[in-house]
């Protein structure tokens, strides 16, 4: 099976602190990790390869330093990694990102399965992988919590989707694009051998020219939206600690909640 | 230039999901300033009642597609049909709820229509005649104000439980436009083979009250008093990542960065210290109560009420008090 894993590098929200707010964390040079949802993406792709053979290519769109995320992917066990990076692509919206990824996927070649995460924790649009499926015209199976049956010979898959109000089992033709949620697996840690191999890996970087993309058709200038970003309003600390034993505290708390009209 | 609003009315098991009326309310909030009409879109198998409700909720026109192949939401037939409708509409704002289906459908339609997209918004307003959408980013540590470029359609989804629907107006009338499905059953690449609904439990993202347990509950059986309080309050059961990762409770209950984002009226956190990843999912709850044996946890910075004590003593007492006072 030829499997493509869509990976993003995101700010490391575990580093947020009083001295590291969201703007500082997001600024160039801030601490970065593999998007937490994409750890499940990578594990899903690697497990599918372990079961069915073939090759996993991790594909990442981002600045040059996003190569680090691909090194993590290689250390976990993907076979190949491609970074798509070009200054012209910066600050694009989800749809320009999807168009770039589609161009890169076409350059990678034939695929049976594309795996992405539910969302990336920075933009949190939950849109890019969906739009890749739409532009490629391949079946989309999102919010996958369990991949029950992946059958490369029969060209089908069966999966359980975790929706807000139901678990839905669906079948789909292959090739398909799936997005995964955390329940699907437990991502492995990179092995020592994997880390050494990844450190030596030469990760190709594809720009607009390599993908035959017009620089004017990508990035902020080609996006359907623009945005300004600020820190959220600071919330006043105003906790009321309720003292007393269980019965007294319960009475006071229920009084307060009734005054607040939330119960 | 005036801009019309087109709202997708999401059906779940044949009934409109409450988030659809919240999306209508969001559309109503900006319709006046944008100067356009309000159109609803209802797809399904048996949509008459919902169509009527959409008009009562403020729609001037309703596009309906009534077909067995549309009986249960699937992205391809819905997105292609909605994109087909949009081909015949002047540049419009396409609004829906940011449910699992709405997030997916709006992104897919935006790709087909070449539209700008602002997902999971918490506020909408009009700046200099243009729509501006406010949305949290970086798990609630940034706020983005999104505006649209170009002259095409604009797709927006709104987060659950933010916009308050007005009372329906049964005297309203509207135009109904029937459209056929664009994909036949055979052309739809996915098939739903079974659906398992969580009967009798309150959906986490819809709940107005959530009681959550974290590391401090100590084990699977430690969720018993948490569940008991949730039941007494008629609320949903949540959990922190620590509790889910420990295998004490299924992932579907996880609130936070890699779980669900919730916005209830009341969030009671039991034995949860308040890691940034958890706060991301719940800090916008209207009233937050933290119950923790430690007198100093990060969550107290966000909570309105705190009880520093053993949750196994306090939770049953609170549940008992709730039952007594609410007569349950």
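Throughout, read-outs are computed from the coordinates displayed, never taken from laboratory work. Here the structure is a predicted model, which is why all the values come from computation and not from measurement. Reconstructed Cβ throughout: ideal geometry from the backbone, glycine too, with neighbour counts over all protein chains shown.
May I ask you to work out the translational diffusion coefficient for chain B at 20 °C, viscosity 1.002 mPa s, via Stokes-Einstein with Rh from the Kirkwood sum over Cα pairs, reported in whole µm²/s? Calculated translational D: 101 µm²/s. Listed from fewest to most Cβ neighbours within 10 Å, the set B:267, B:305 follows the order B:305, B:267. Per residue of B:255-262, other chain Cβ atoms within 10 Å of the residue Cβ number 3 on average. Only beta bridges with both residues in chain A are counted; by DSSP, about 40 percent of them are antiparallel.
For the peptides B:102-109, B:216-223, the ranking by packing is B:102-109, B:216-223, with the highest mean count of neighbouring Cβ atoms within 10 Å listed first.
Mean per-residue shielding of peptide A:7-16 is 3, counting Cβ atoms of other chains within 10 Å of each Cβ. Contact order, relative form, for chain A: 23 percent (alpha carbon pairs under 8 Å, 6 or more residues apart, mean separation divided by residue count). As I understand it, the value is the acute angle between the Cα axis of helix B:18-34 and the longest principal axis of the Cα atoms of chain B; what does it come to in degrees, rounded to 10? Computed tilt is about 60 degrees. Axis of helix B:100-113 versus longest Cα principal axis of chain B: the two differ by about 30°, to the nearest ten degrees.
From largest to smallest, the equivalent ellipsoid semi-axes obtained for the protein assembly as shown from the alpha-carbon gyration tensor read 36, 31, 23 Å. Packing around the peptides A:105-115, A:189-199, taken as the average count of other Cβ atoms within 10 Å per residue, puts them in this order, highest first: A:105-115, A:189-199. Against chain A, whose longest principal axis is taken from its Cα atoms, helix A:246-259 shows a tilt of about 80°. Mean partner shielding of peptide B:308-320, defined as the number of other chain Cβ atoms within 10 Å of each residue Cβ, is 4.
Only helices enter this figure: runs of n ≥ 4 DSSP H residues, each worth -39500 (n - 2.57), summed and divided by the residues of chain B, yield -8500 deg cm²/dmol at 222 nm to the nearest 500.
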